[in-house]
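A quick write-up on the structure given underneath.
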């Protein structure tokens, strides 16, 4: 449906530098100096000695504005950081509540998560990385987390943790199916009986797609029951990576865009095969016309527009 089509394509349209998925912890690359005629916003200019007029004069008022403008940006960044910290702390609180973690266990878990994320980002450069390499790094991070949890939790806590993971998995199946049903009902009206039948089919395909992802990998996603913080990739990112995981490095955005489009076509065809007998001919025509319109828009996204 619409959401499953658009999100991976957004990644492709910006060139799909896959390194962003594992490099948030690394130091950002130093930007190139812009031409003198294009001042950089939110940064205090640093004139070279040769650029200082003789005799020295006070800096014009406009030269002070970028530094002054950086204060609101810094405050906004601090607010975002506090919100992220609060969300992570709340997730830890819920995990401790559901599993029965002691304060010492929470501290050890925080260290375990940080170590696994550091290992996943180790060795990354600013160069594009093949999708399968990124997936391998996430898999290694997930394996390290599972191993650490096995020694951190008591048998009773491990059983409670498994129950929590199973509920999270069921909830993901349900929310994905409900989201896609919502997309379909925006396209065409469905009767109550049709909604129930379509939802049942969408639950099946959602569960099937989720089952194709190794269970440990769910530990490192942003939907994980673990308090991973902002470095966790989304399930959509992992799905996109799996669509591209053939060893090809992301050096040609146009080729990656075409590949993602074709993958999305196959996904929609699979869903259509499940629900076409539930829809009336006119409803099916509405669905097909909307999908064709969406792909026509995507097909016009050439490298010239990136």
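The values are calculated or read from the model by the stated rules, or taken from the named source; none is laboratory data. Note that this is a predicted model, so its numbers are computed, not measured. Here the Cβ is made from the backbone with ideal geometry for all residues, glycine too, and neighbour counts use every protein chain on show.
From the list 159, 144, the one residue that fits, being over 20 Å from the mean Cα position of the chain (by Cα) and touching a residue at least 24 places away in the same chain (Cβ under 8 Å), is 144. Taking residue 237 as the residue in question, decide whether it is in a helix (DSSP H, G or I), free of Cβ contacts under 8 Å to residues at least 12 places away in the same chain and either closer than 22 Å to residue 263 by Cβ or in contact with a helix residue (DSSP H, G or I) (Cβ under 9 Å, 6 or more places away or on another chain) (or both). Criteria not met by residue 237.
The residues in the stretch 104-131 that are modelled with pLDDT of 95 or more and under 27 Å from residue 243 (Cβ atoms) can be counted, and the count is 0. With respect to the numbered conditions (1) surrounded by fewer than 20 Cβ atoms within 10 Å (Cβ to Cβ); (2) modelled with pLDDT of 85 or more, which one is the sole condition not fulfilled by residue 202? Just one mismatch for residue 202, condition (1).
Only a single criterion out of (1) at pLDDT 85 or above; (2) touching a helix residue (DSSP H, G or I) at 6+ places or on another chain (Cβ under 7 Å); (3) surrounded by 16 or more Cβ atoms within 10 Å (Cβ to Cβ) is not satisfied by residue 95, namely (2).
Evaluation of residue 227 against the conditions (1) part of a helix (DSSP H, G or I); (2) surrounded by 19 or more Cβ atoms within 10 Å (Cβ to Cβ); (3) modelled with pLDDT of 85 or more shows that the sole unmet condition is (1).
Collect the residues in the stretch 275-292 that are assigned to a helix (DSSP H, G or I) and either at pLDDT 85 or above or more than 14 Å from residue 264 (Cα to Cα) (or both), keeping them in residue-number order. Selection gives 275, 281, 282, 283, 284, 285, 286, 287, 288, 289, 290. For the stretch 206-224, a residue qualifies if it is at pLDDT below 80 and assigned to a helix (DSSP H, G or I), and the qualifying residues are 215, 216. Entry remark, the stretch 152-169: residues being surrounded by 13 or more Cβ atoms within 10 Å (Cβ to Cβ) and in a helix (DSSP H, G or I) number 9 in total.
Among the candidates 101, 149, the residue that is outside any helix (DSSP H, G or I) and at pLDDT 75 or above is uniquely 101.
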